[in-house]
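A.B. asks: Structure in structure tokens, see below.
The values are calculated or read from the model by the stated rules, or taken from the named source; none is laboratory data. Here the structure is a predicted model, which means the values were calculated and not measured. Backbone-built Cβ (ideal geometry, glycine too); neighbour counts: all protein chains shown.
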Amino acid sequence: MSKLALSVGIGLVSGIICFFISVAFLCFLLLIVRAVTHTHPDMTLTYRAAAPVALLAALTGFTVTLVRAVRGHTL
């Protein structure tokens, strides 16, 4: 049971960290687009694009941690 709890915790933390890093990167990217094109891009696109990335990171972190714990590697 502790292997599953550890995997869930690592998956959740990796998803949260990846979400905020993705939002920050996309904000800078849209600000550069704004400076180049002189238009006002929709900044809510950052949240819409970062959510699937964070979900994928959380699932990947969970899966990798669980597989490593089940195969006997110590974390």
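A.B. asks: Which residues, counting only those in segment 33-75, are over 28 Å from SER7 (Cβ atoms), loosely packed, with under 11 Cβ neighbours inside 10 Å and either among the aliphatic types (A, V, I, L, M) or in contact (Cβ under 8 Å) with a residue 60 or more places away in the chain (or both)?
C.D. replies: Hits for segment 33-75 are ALA35, VAL36.
A.B. asks: Just give me the residues in segment 15-47 being of a type in the set (A, V, I, L, M) and under 30 Å from VAL64 (Cβ atoms), in sequence order.
C.D. replies: Scanning segment 15-47 gives ILE16, ILE17, ILE21, VAL23, ALA24, LEU26, LEU29, LEU45.
A.B. asks: So which residues in segment 36-63 are polar (S, T, N, Q), farther than 11 Å from GLY11 by Cβ and within 17 Å of the chain's Cα centre (by Cα)? Walk me through it before giving the result.
C.D. replies: If we filter segment 36-63 for residues that are polar (S, T, N, Q), which is where we start, we get 37, 39, 44, 46, 60, 63.
Add one more test, that the residue is farther than 11 Å from GLY11 by Cβ, and what stays is 37, 39, 44, 46.
Matches in segment 36-63: THR44, THR46.
A.B. asks: Further question on the same structure: Among residues belonging to segment 1-50 that are of a type in the set (Lys, Arg) and closer than 28 Å to GLY61 by Cα, point out the one that is modelled with the highest pLDDT.
C.D. replies: ARG48
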